[in-house]
Amino acid sequence: MSPGTVFHGVVVWCRALSRRVHQRVCANGYRSRMKKSAVSSASGGAHKGPAPLTPDAFAEACAVSRETMKRLEAYLALLRKWQPALNLVGPTTLHDPWRRHFLDSAQLLPLMRPGARVVLDVGSGAGFPGMVLALLGVPEVHLVESDGRKGVFLREVARVTEASVQVHTTRLEAMTPFPVDVVTARAFAPLPRLLGWTAPFLEAGAQGLFLKGQSVEEELTESRTQWMITEDRFPSRTGSGGFVLRLEEVRRV
C-alpha cells in the first residue's frame, strides 16, 4: 500500500471519528473522555482514565495497514528504549501511548487543509505529532528540535522506520523561512511566544495546528493584544481535556 493510500485512509477515518468519537466503543474497551474508569498499570499501580488503547484497536479504528503499524510499533519501541536517558515524554503517558501520543497526533490529519503536503513541526522533542504524521503518509515533514540528543533520537527513528522527515537540530528562530503548508506544535510554548516564533511561516499563509491544554482561552486572549487571529478550537479526541487550535489567518496588530 502506498503512503498516499495510507494517508487517504487515515483522513477518511479521522473525519468519521470526529462525528462519533464520544459514542464509539472500540473492541479494546476504548471509551470517550466522558466515561473514565480506574485501571491498573503493568506494575500494579492505579491509573485513572479509560482503559489503554491497544495497537490492534488503533490500527482497526485508523484503518492503518500492517506495514505502517510495524513502523509505528518500531517507533514506540525506540521511544521506550530512549526514554530513561532523554525523558522524551511524561513517564505516565507510556501507560497508554496509542491514545496519548499516536491518536493525539493522528487527530490533526482531518483538520489539515486539502492538498497540504509540507508540514513544519516545531519543538518536536519525541516526534509528536510530526513523526506520526509522516508515518501516516504526509509527504514531507520537517522536525525542528534544538536539543541535539533528541535530534539524534529523531534521526534514529527516521532511519529505522524510513519516515519521510528532515530533522533540523537548531532553534526555530535561526531558520531561514521556506514554504510550508502547515505548522504543528505540541507542548512547545504558550501561544503568544509560539506565534512570535512561527510568524514568518504563518504570515506567509501556512495553517497552524497546535495541540493545547485547558488554558487555551487565556492564551488566545493574551495573544490577541498583538495578533489578529482567525481560529477554530476542537476538543482533543484523546479525552485529555485539551484542544486542537486551528489557525487559518495570523497577522500582527
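Basic side chains Lys and Arg get +1 at the Cβ, acidic Asp and Glu get -1 at the Cβ, and with that the dipole of the stretch 104-252 about its Cα centre reaches some 160 debye. Relative contact order of the stretch 104-252: 22 percent, from C-alpha pairs under 8 Å at least 6 residues apart in sequence. Loop-located trypsin sites (Lys or Arg not before Pro) in the stretch 146-203 (DSSP state other than H, G, I, E, B) with a sparse environment of at most 15 neighbouring Cβ atoms within 10 Å: 171. Placing unit charges on the Cβ atoms of the charged side chains and taking the dipole of the stretch 104-252 about its Cα centre, the candidate lying farthest along the positive direction among 157, 230, 182 is 157. Other residues within the sphere of radius under 11 Å centred on the Cβ of residue 171, judged by their own Cβ, net out at -3 (K and R +1, D and E -1). Exposure proxy shown here: for 98, 227, the number of other Cβ atoms within 10 Å sets the order, fewest to most, as 227, 98.
Laboratory data are not the source of any read-out in this text; all were calculated from the coordinates shown. Remember, it's a predicted structure, so these values are computed and weren't measured experimentally. Using ideal geometry, Cβ is built from the backbone for each residue, glycine included, and neighbour counts are taken over all protein chains shown.
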